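Visitor: Take this structure first; my questions come after.
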Protein chains: 2
Amino acid sequence: MHAGSSGLAVRQAARDGRLSGHTSGLATRQVQGNVVILPADVADEFLRYCQRNSKPCPVLGMSEPGDPHLPVLGADLDIRTDVPRYRVWREGELVAEPTDVRDLWRDDLVAFVLGCSFSFEQALLDDGMQLRHIDQGRNVAMYRTNVATVPAGRFHGPMVVSMRPLRAADAIRATQITSRFPQVHGAPVHIGDPALIGIADLARPDYGDAVQVMADELPVFWACGVTPQAALAAARPPFCITHAPGAMLVTDLLNQQLASF
Amino acid sequence: MHAGSSGLAVRQAARDGRLSGHTSGLATRQVQGNVVILPADVADEFLRYCQRNSKPCPVLGMSEPGDPHLPVLGADLDIRTDVPRYRVWREGELVAEPTDVRDLWRDDLVAFVLGCSFSFEQALLDDGMQLRHIDQGRNVAMYRTNVATVPAGRFHGPMVVSMRPLRAADAIRATQITSRFPQVHGAPVHIGDPALIGIADLARPDYGDAVQVMADELPVFWACGVTPQAALAAARPPFCITHAPGAMLVTDLLNQQLASF
């Protein structure tokens, strides 16, 4: 498994149990996705939540109830086996972290695949930009904001953002580039003073790892795929399966195919 | 003359002497341009300067030597009569401010029309954004930076920028919108700390009027059409005609026709 692997090769490795960890740096041309699997009745609410909050919750694909396949994201794709590691939740409590959920599959389950920042980060890297958390081998810094998402049914909660420090010229260029990718969070949601979106201290992220913001840099904030996870944690559905953090579904879609112009 | 006037109507008013002042707020759908008229030998150098510094000096049109017409910008357009007020320069010194330059026209003169921020400001206003200097009836604040333009022949000098204070969400949206208009300065060149581009005090612009930057706003800086004027002042060509500040050439091009996507 490496940066040039195909989506299929990564999925096969996950299926065969050869890959059970994170997918960062693998199949870098392919779109990776956040996975949420819910019973059909909760799924309807979750879809409404995503529709109302498409910037943090962009739906790349959604299965039919009971069908574990998502052919638009990969002809062979089986959502029960192709994620390297899963998390299983009951009533909002984490109960298992298996590498395969075939034994948990049900006729009423619906799988969602949501866009992820890996896609737009790759577009930034391809443009020659440097991203500090990647240079330092850290997870991106993420923060809960005071910006509320639009609720739907039992789903609600704050927008979570990821932050990347960039010099002004790169912040402008990154805004241009990520604007082309609305299905993977799109343009930034905030630039500059973190207090204006309710972030008290950049050095203390709510998720991920802190990185330093230099004197000649601006903190640039994007809507983050942890937002739906926070909404799921608040909603506490009776049953839910997600990917484990960093162990994403690798699709056959190319990042470049998501570019809107 | 009003916001809905045609380009032709404004040019005819300038031609007839009915309009001899600024064109701000007139024919707002049409592209307005900065005008620079130079002898052919200096014009070649100036064109090279504009080519190397296309963000502050975007050339929308250029006449043949001795030909006062620019049919790509207006079928009837006559650059000797259609600008409401001109400035005539000899060896870098302002010598006259006529409303017509037919008596000064020569067989070796070349006219340049350069894009102007009115076009992208209109796109921002059309998007529902508020611009403080317009709300307050002031000229935009402009600053000489410590960013040098790329020299060409005798033309050189600092990049001049215009500044508009915007909240972060508007700064992001304005970056998206103005990116679509590369021929009228395009995306911002800087956002945030003015000191990073050599501006000591936002309250003391080098040209135009100061406006306040509120605590929840970022100063957003665009390359400015005053840059070539500063380069002309430094070059001191033997002869030069420009538009008088604010009294622009109104063309038949629509702002929207400059949108790149």
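Computed from the coordinates by the stated procedures, all read-outs in this text should not be read as laboratory data. Computed from a predicted structure; not experimentally measured. Every residue, glycine as well, gets a Cβ built from its backbone with ideal geometry; the counts of neighbours run over all protein chains shown.
Visitor: Between B:Ala210 and B:Gln257, what FRET efficiency follows from the Cβ-Cβ distance if R0 is 41 Å, with the result rounded to 0.05?
Guide: In this case the efficiency is close to 0.75.
Visitor: For chain B, just give the cysteines left without a disulfide-compatible partner, judged by no other Cys Cβ under 4.7 Å.
Guide: B:Cys116, B:Cys224, B:Cys240
Visitor: If you take the alpha carbon radius of gyration of the range B:1-156 and divide it by 2.2 N^0.38 Å, what ratio comes out, to two decimals?
Guide: 1.09
Visitor: Next up: Just counting partner chain Cβ atoms within 10 Å, what average do the residues of peptide A:167-175 show around their Cβ?
Guide: Whole-number average of other-chain Cβ neighbours for A:167-175 is 6.
Visitor: Mind giving me the FRET efficiency for B:Arg236 and A:Asp16? R0 is 60 Å, r the Cβ-Cβ distance, nearest 0.05 is fine.
Guide: That pair, B:Arg236 with A:Asp16, gives E of 0.20.
Visitor: If you don't mind, there's one more thing I want to ask. To the nearest 10 degrees, how steeply does helix B:117-126 sit against the main Cα axis of chain B, on a 0 to 90 scale?
Guide: That helix lies at roughly 50 degrees to the long axis.
Visitor: Give the value in nm², to one decimal: projected area of the alpha carbon convex hull of the protein assembly as shown, averaged over all directions.
Guide: Its Cα hull, projected and averaged over all orientations, spans 26.2 nm².
Visitor: Scan around B:Phe239 for amide H atoms under 5 Å from its own, H built in the peptide plane at 1.01 Å from N, and keep only partners 5 or more places away or cross-chain.
Guide: Answer set, sorted by chain and number: B:Glu91.
Visitor: On a 0 to 90° scale, report how tilted helix B:40-52 is relative to the longest principal axis of chain B, with both axes built from alpha carbons and the result rounded to the nearest 10.
Guide: Once rounded, one gets 20 degrees.
Visitor: Go through A:205-217, B:42-54, B:144-156 and give me the packing order, highest mean Cβ count within 10 Å leading.
Guide: Result, highest mean Cβ count within 10 Å first: B:42-54, B:144-156, A:205-217.
Visitor: I want to verify a result. In a Gaussian network model of chain B, Cα cutoff 10 Å, which of these has the top mean-square fluctuation: B:Gln30, B:Gln122, B:Gln130?
Guide: Of B:Gln30, B:Gln122, B:Gln130, the Gaussian network model singles out B:Gln130 as fluctuating most.
Visitor: Take the Cβ-Cβ distance between B:Ala203 and B:Leu94 as r, set R0 to 30 Å, and report the resulting FRET efficiency rounded to the nearest 0.05.
Guide: With R0 = 30 Å, the Cβ-Cβ based efficiency is 0.65.
Visitor: Same structure, new question: Return the ratio Rg/(2.2 N^0.38 Å) for the range A:111-254, where Rg is computed over Cα atoms only.
Guide: 1.04
Visitor: So what's the back-of-envelope 222 nm ellipticity for chain A, counting only DSSP H runs of four-plus at -39500 (n - 2.57) apiece and dividing by all residues, rounded to 500?
Guide: Calculated from helices alone, the mean residue ellipticity at 222 nm is -6500 deg cm²/dmol.
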